[in-house]
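Worksheet: one structure, shown below.
Any read-out appearing in this document is the output of simple, stated calculations on the displayed coordinates, not a laboratory observation. Worth saying up front: this structure is predicted, and the values here are computed from it rather than measured. Here the Cβ is made from the backbone with ideal geometry for all residues, glycine too, and neighbour counts use every protein chain on show.
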């Protein structure tokens, strides 16, 4: 079960963080958020906002070279970047199946690269850079019954950025 995308626009990194915060209000332990899109479009910035809303006080940094970062907020948060991984087995070797558990919220940058490993219940956020340079476009797509039940509240908290 997949729903239609919610199309959003932000004009600053702080607005992109605010979208992450708004989405975080609806996140539950066990949720997986796949982040896709253009290089430099704000995937880590989105996670910074979500983590802030989830009670993380430590700086949220890109996991590009560490592959997995763990943060402690009101629930455990794992932030993965699979951009540099070349094979699915490398993702599994990270302990992916253990990371995607019912106690944590997991953000996966470049999640489309491991689409076949992602759970059927997830949220996908695609971030793109239109040619104007400042604006970011975000397309939020939900998958599964859990998100189908949360789509109306999600649309409500994201309404101010909808295009």
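Points worth noting:
- Percentage relative contact order, the chain, counting C-alpha pairs under 8 Å, at least six apart: 36 percent
- R0 of 22 Å, Cβ-Cβ distance residue 132-residue 159: FRET efficiency to nearest 0.05: 0.45
- Each of 77, 151 has some number of other Cβ atoms within 10 Å of its Cβ, and from fewest to most they run 151, 77.
- Stretch gain in nm, segment residue 28-residue 139, where the contour uses 0.36 nm per residue and the Cα spacing is subtracted: 37.9 nm
- Remark: the Cα gyration tensor places the chain in the rounded category, a/c being less than 1.5.
- Within the listed set 75, 19, 125, the Gaussian network model of the chain (springs between alpha-carbon atoms below 10 Å) gives the highest mean-square fluctuation for 75.
- Cβ-to-Cβ counts within 10 Å put 10, 16, 141 in ascending order as 141, 10, 16, the fewest first.
- DSSP-defined antiparallel bridges as percent of all bridges, the chain, nearest 5: 60 percent
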